[in-house]
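The next block holds one structure in the form of structure tokens; read it before the comments.
The values are calculated or read from the model by the stated rules, or taken from the named source; none is laboratory data. Since the model is a prediction, treat every value here as computed from it, not as a measurement. Cβ coordinates were reconstructed from backbone atoms using ideal geometry, including for glycine residues, and neighbour counts include every protein chain displayed. Note: areas computed on protein heavy atoms with side chains; ligands, DNA, RNA excluded. Shrake-Rupley method; radii C 1.70, N 1.55, O 1.52, S 1.80 Å.
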Amino acid sequence: MSERLTAEIDRLYEVFGRVPRPLRMEGCSHCVEPDEDRPLLETPLRSLDEDTLRRYATDALYLWGDVDDLRYFLPRLLELAAEDEFNFPDPEIVFRKLSAGEFQTWADDERDAVHAFLARWWETRLEDDDPCPCIETVLCSLGLTRVDLAPFLEHWERLDSEGAIRNLHDFVIEDVTWRPSGPAGGGPKLRNGYWEFGPDGHQAVITWLTGGPA
């Protein structure tokens with residue numbers, strides 16, 4: 001992990017460090033065992049590994065815990081997801097928690113810390129000519145947070161590094177399907193199925209791809 005990205009992760013820990021550790025986390029009685037939250041709550045946040053967090057990272061907000069619980073675990077969740085450490089859940093699932101938790105309504109410093117982290121994550125992956133996770137996963141993850149993708153795409157279109165050029169080439173070749181014209185319409189479609197949960201972001205990327213800059 002780059003020093004620049006590490007600095008933004010440290011900022012997440014600092015800002016969200018004021019969120020108290022939950023005493024208990026309520027979950028779906030059919031899905032979550034009564035004491036399944038104990039390993040999560042008895043381990044220091046930065047020491048939680050991907051195996052311990054995997055179940056919560058998958059089910060947070062939908063089947064397990066509330067927004068305050070998410071805010072407590074967020075720095076570690078984003079740190080692991082940004083490096084694709086979970087294997088499953090995919091980064092897209094983890095980053096979608098931000099929109100599900102309506103992070104744009106959180107306190108200013110929390111919102112700013114998340115935005116700064118997202119921008120730095122994009123920057124470091126874009127510069128890497130073989131990023132992990134791949135640039136398509138990073139872009140879709142950003143789209144699922146429901147942030148405005150325009151600044152990220154404007155950064156990309158400058159093509160100011162070999163990584164940005166290589167990533168654009170690979171993205172268009174591997175991650176875009178070109179549908180023939182017909183009654184249902186034609187043109188490009190992004191392959192990643194997670195875009196189903198972020199149609200506005202999908203359309204923003206398609207417009208960018210076909211509108212000139214890319």
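Give the residue that is most open to solvent (accessible area, probe 1.4 Å), with candidates limited to residues of segment 29-68 that are assigned to a loop (DSSP other than H, G, I, E, B) and hydrophobic (A, V, I, L, M, F, W, C). In this case the residue turns out to be Leu63. Could you list, in sequence order, the residues of segment 86-103 that are assigned to a loop (DSSP other than H, G, I, E, B) and aromatic (Phe, Trp, Tyr)? Result: Phe86, Phe88. Pairs linking a residue in segment 144-156 that is without any contact (Cβ under 8 Å) to a residue 12 or more places away in the chain and closer than 15 Å to Phe197 by Cα to a residue that is β-branched (Val, Ile, Thr) and not in a loop (DSSP other than H, G, I, E, B), with Cβ atoms under 7 Å and 6 or more positions apart or on different chains, do not occur.
Taken together, the criteria place Ala81 among residues that are among the hydrophobic types (A, V, I, L, M, F, W, C), under 25 Å from Glu154 (Cβ atoms) and within 14 Å of the chain's Cα centre (by Cα). Restricted to segment 136-148, and to residues there that are under 13 Å from Phe171 (Cβ atoms) and surrounded by fewer than 24 Cβ atoms within 10 Å (Cβ to Cβ), the residue that is nearest to the chain's Cα centre (by Cα) is Thr137. For segment 1-28, filtered to residues that are in a loop (DSSP other than H, G, I, E, B) and aliphatic (A, V, I, L, M), the residue that is surrounded by the fewest Cβ atoms within 10 Å (Cβ to Cβ) is Leu23.
Does segment 85-100 contain at least one residue that is farther than 17 Å from Leu144 by Cα, small (Gly, Ala, Ser) and without any contact (Cβ under 8 Å) to a residue 60 or more places away in the chain? Within segment 85-100, none of the residues are farther than 17 Å from Leu144 by Cα, small (Gly, Ala, Ser) and without any contact (Cβ under 8 Å) to a residue 60 or more places away in the chain.
Conditions (1) at pLDDT 95 or above; (2) part of a loop (DSSP other than H, G, I, E, B), marked per residue:
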position	(1), (2)
Asp148	yes, yes
Gly163	yes, no
Pro188	no, no
Trp195	yes, no
Gly201	yes, no
Ile206	no, no
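Spot the failing condition for Ser99; the list is (1) surrounded by 12 or more Cβ atoms within 10 Å (Cβ to Cβ); (2) at pLDDT 95 or above; (3) polar (S, T, N, Q); (4) over 14 Å from the mean Cα position of the chain (by Cα), and only one is missed. Condition (4) is where Ser99 drops out. With respect to being touching a helix residue (DSSP H, G or I) at 6+ places or on another chain (Cβ under 9 Å), of a type outside the set (Phe, Trp, Tyr), without any contact (Cβ under 8 Å) to a residue 12 or more places away in the chain and within 25 Å of Val15 (Cα to Cα), Thr105 fits the description. Only a single criterion out of (1) within 21 Å of Leu5 (Cβ to Cβ); (2) open to solvent by less than 20 Å² (accessible area, probe 1.4 Å); (3) not in a helix (DSSP H, G or I) is not satisfied by Asp130, namely (2).
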